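What follows is calculated from the coordinates using simple rules that are stated; it is not laboratory data. These numbers come from a predicted model, not from an experiment. Note: ideal-geometry Cβ built from the backbone for every residue, glycine included; neighbour counts use all protein chains shown.
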Amino acid sequence: MAGLLLCLCQHSFAQTGNKYIRKGNDLYKNKQYTDAEANYKKALEVNQQSVEGRYNLGNSLYEQKRYDDARSQYANSFKMAPNREGKADASYNIGNTFMEGKKWEESIKAYKEALKLNPADEQARYNLAYAQTMLKKQNGGGGDNKDKKDNKDKNKDKKQQDQQNKDQQNKDQQKNKQDENKDKENKDKNKEQQDQKPEPQPSKMNKQEAERLLQALGQEENKLQDKMKKAKGQVVPVDKDW
């Protein structure tokens, strides 16, 4: 994780020349953070407006993992810093305190502020990207998870639609099969009815019966002709008008 921006003699803050700050800086370099804290506090007792004293006190508290106390000192130095660079450094370290507590949203805000004040700060840019990645991971992937869910829903809808289409196709096939079976049954029934229809039987009349039938027909025809002749020969009487 990115280190702190320690305000030593090379830092842009104005040098107070206070012996307590110089002693605190030496102790800090030797990782004697508790003793460094004590000297920075003595420097602030002498000069409450010492931006360097407050900033470095925040650093000594940070190294002791007292992140809330450190953040409070960085916030004070941010307000008191005479230039953009000093404010950017304080905002960067505020972001670090939040990141230690895995407060990704707060750290992102602090790093963005630092970059707004000092766009050239690549370390702040790196930490910002890291915090954004961790926030996204904490939220379960953010937009990526949403896209996965949408795709899953779409796949689910597509699967349901495919199943519905398949069911409808099966229904259509069953109906067509039923219609075919019905047509076949009708054809078979018609064929069966035709098979059951009696065929015309050949005449069983013998020769003698045929001759008698012809004679009878001949006699009937002669009688009809006689009737027709008589009808034509009859005179219709006309009443005379005397």
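For the set Lys31/Lys137; Lys29/Lys65; Lys41/Lys79; Lys41/Lys87; Lys29/Lys136, the pairs lying more than 26 angstrom apart at their alpha carbons are Lys31/Lys137; Lys29/Lys136. Between Lys166 and Arg22, residue separation times 0.36 nm minus the direct Cα-Cα distance comes to 43.6 nm.
Taking 0.36 nm per residue of sequence separation and removing the Cα-Cα distance, the Lys29/Ala120 pair yields an extension gain of 30.1 nm. The Kirkwood radius of the range 19-138, taken over pairs of alpha-carbon atoms, gives through the Stokes-Einstein law at 4 °C and 1.567 mPa s a diffusion coefficient of 90 µm² s⁻¹. Protection proxy ranking of 94-101, 122-129, 164-171, by the mean of other Cβ atoms within 10 Å over each peptide's residues and highest first, is 94-101, 122-129, 164-171.
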